[in-house]
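As structure tokens, the structure follows; a few thoughts come after it.
The values are calculated or read from the model by the stated rules, or taken from the named source; none is laboratory data. Nothing here was measured: the structure is a model prediction, and the numbers come from that model. So basically every Cβ, Gly included, is an ideal-geometry build from the backbone, and we count neighbours across all protein chains shown. Surface areas here come from the heavy atoms of the whole protein model, side chains and all, with no ligands, DNA or RNA. Shrake-Rupley method; radii C 1.70, N 1.55, O 1.52, S 1.80 Å.
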Amino acid sequence: MAEHTPPLLLIGCGNMGGALFEAWVAAGLAPSVVLDRKKEAIPAPHRLVRSAAEIPADFTPSVIVLAVKPQTAAQAIADLLAARPDIAANATVLSVMAGATTAAIGAALFGAGSVARPVVVRAMPNTPSAIGRGMTGLFAAPEAPQAIRALSESLLAAVGATVWVEHEEQIDAVTAVSGSGPAYVFLLAELLERAGVEQGLPADVARLLARKTISGAGELMDRSPDDATQLRHKVTSPGGTTAQAIAVLAAKDAWPTAISEAVAAATRRARELAV
Ligand SMILES: NC(=O)c1ccc[n+]([C@@H]2O[C@H](COP(=O)([O-])OP(=O)(O)OC[C@H]3O[C@@H](n4cnc5c(N)ncnc54)[C@H](OP(=O)(O)O)[C@@H]3O)[C@@H](O)[C@H]2O)c1
């Protein structure tokens, strides 16, 4: 992250906002303000406030990070503007909220049809961000200044890898692949564990095998220059045990169809939820 990260106002410090804030503090964040009604404490010199009305009058953030649930965002923005009408005037607005479009956020903050929309950046991180292994897709309008892109990217790079998408609708596919993706992997762990028990293993042994296999394979893929197909081939001897299993899983109507339909369903849902 940039050495002199400008002061932030973080609105919502729960699972995702909390993971981001922790990483920013560790990386050396300029004195900032966190607005959250549940968070118990944050380290000095950062300040924690319970409502927008408590934001210190002398604090003007360079970045406003929106990390509340999308359904509570409108109220949070309305409260913010009621307390500090000009607070977003010169700020970069970074939203990690699923579904909330840059147009909707820009309209809520700056008024419908606002020309300030280029300063709204959308980011879709995932839960491994909590351990610095996140994957975040980012979108900004084409006219967004390069400095705003660089700052947004460095903020998300503090919790893992980042990638930009060119079109805002692509954030829905990012949501379906990497945003929801950890859940698919956890489901695989559950199913692998269950299958191990079916094949005669004690439950705790099957659980350990499933967890460590998935985390180890993920780490191996992360560190290896090989792509996933090459790594798979290295485990799959012709006529061996893995080949038997892969023949079942990779059959056209098995995983290829299931994964493709699952990601399509998640993308559709992200689109439906978009406001
Ligand atoms: N968790 C993920 O995997 C993930 C991944 C990608 C994106 N996101 C996005 O990140 C956002 C936050 O998700 P989350 O899981 O971190 O939610 P969360 O744990 O519920 O955190 C939101 C926090 O903000 C507080 N809050 C909301 N409105 C407030 C207000 N007006 N004033 C003060 N505090 C307020 C909430 O308090 P109350 O509970 O009292 O409202 C809560 O402590 C969502 O938009 C989600 O789409 C999450």
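Restricting Gly106, Gly111, Gly14 to those that are open to solvent by less than 50 Å² (accessible area, probe 1.4 Å), out of contact with any strand residue (DSSP E or B) (no Cβ under 8 Å at 6 or more places or on another chain) and touching a residue at least 12 places away in the same chain (Cβ under 8 Å) reduces the list to Gly14.
Under the condition of being surrounded by fewer than 17 Cβ atoms within 10 Å (Cβ to Cβ) and away from the ligand (no atom under 14 Å from the Cβ), the residues counted in the range 114-148 number 10.
With respect to Asp222, is the statement that it is under 29 Å from Gly137 (Cβ atoms), open to solvent by 70 Å² or more (accessible area, probe 1.4 Å) and part of a helix (DSSP H, G or I) true?
Values: under 29 Å from Gly137 (Cβ atoms): yes; open to solvent by 70 Å² or more (accessible area, probe 1.4 Å): yes; part of a helix (DSSP H, G or I): yes.
So Asp222 fits the description; yes.
Within the range 52-80, residues that are touching a residue at least 24 places away in the same chain (Cβ under 8 Å) have Cβ atoms under 8 Å from residues that are more than 7 Å from the ligand (Cβ to nearest atom) and open to solvent by 90 Å² or more (accessible area, probe 1.4 Å) in these pairs: Phe59/Arg47; Thr60/Asn90; Ser62/Asn90; Pro70/Leu273; Pro70/Val275, counting only partners at least 6 apart in sequence or on another chain. Restricting the range 137-154 to residues that are touching a residue at least 40 places away in the same chain (Cβ under 8 Å) and touching a helix residue (DSSP H, G or I) at 6+ places or on another chain (Cβ under 7 Å) leaves a set whose member that is nearest to Ala23 (Cα to Cα) is Gly137.
Is it the case that some residue within the range 234-247 is open to solvent by 50 Å² or more (accessible area, probe 1.4 Å), free of Cβ contacts under 8 Å to residues at least 24 places away in the same chain and either outside the structural domain of Gln199 (by TED's automatic domain parsing) or under 25 Å from Ala173 (Cα atoms) (or both)? No, every residue in the range 234-247 fails to be open to solvent by 50 Å² or more (accessible area, probe 1.4 Å), free of Cβ contacts under 8 Å to residues at least 24 places away in the same chain and either outside the structural domain of Gln199 (by TED's automatic domain parsing) or under 25 Å from Ala173 (Cα atoms) (or both).
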